[in-house]
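The values are calculated or read from the model by the stated rules, or taken from the named source; none is laboratory data. Since the model is a prediction, treat every value here as computed from it, not as a measurement. Every residue, glycine as well, gets a Cβ built from its backbone with ideal geometry; the counts of neighbours run over all protein chains shown. With ligands, DNA and RNA removed, areas are computed over all heavy atoms of the protein, side chains included. Shrake-Rupley method; radii C 1.70, N 1.55, O 1.52, S 1.80 Å.
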Amino acid sequence: MLANPRARRALPTFALTLAGGIAGLAGAAPAAAQLACGKYDELRSYLADTFNEQPSSFGLNDDGTVLQLFASPGTGTWTMLTVSPAGTACVVATGRAWQDQAIETAGRELPS
């Protein structure tokens with residue numbers, strides 16, 4: 001089972017992808033061994049409907065996938081996804097107490 005309760009609640013809607021197989025992964029971290037994955041549009045709707053989380057920021061990974069953060073300003077919950085070019089999204093981290101922070105460079109704030 002997933003150690004993360006939020007990801008576990010998502011499983012009825014989304015397929016569980018085992019990265020390698022738990023029994024065969026000696027020394028692998030549990031979070032890296034299991035991911036809750038599904039279609040991006042369905043997972044995005046689930047996060048909005050269940051946790052009031054909306055897309056907050058994103059970046060391009062070196063492998064061509066997108067790392068996207070969903071956050072709820074009202075509750076402070078957040079979910080981090082990786083999204084493949086084919087539209088498959090996997091939950092890689094979740095948490096509480098998310099806070100936005102302005103980025104400064106050389107004394108100037110970057111535009112949002």
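Counting only protein chains, not ligands or nucleic acids, how are E104, E53 ordered by accessible area (probe 1.4 Å), most first? Show your work: numbers first, answer last.
Working: E104 130, E53 0 Å².
Descending accessible area places them as E104, E53.
What FRET efficiency would be calculated for the residue pair S45, Q99, taking the C-beta separation as r and a Förster radius of 25 Å, to the nearest 0.05?
Values: r = 25 Å, r/R0 = 1.00.
Efficiency computed from Cβ-Cβ geometry: 0.50.
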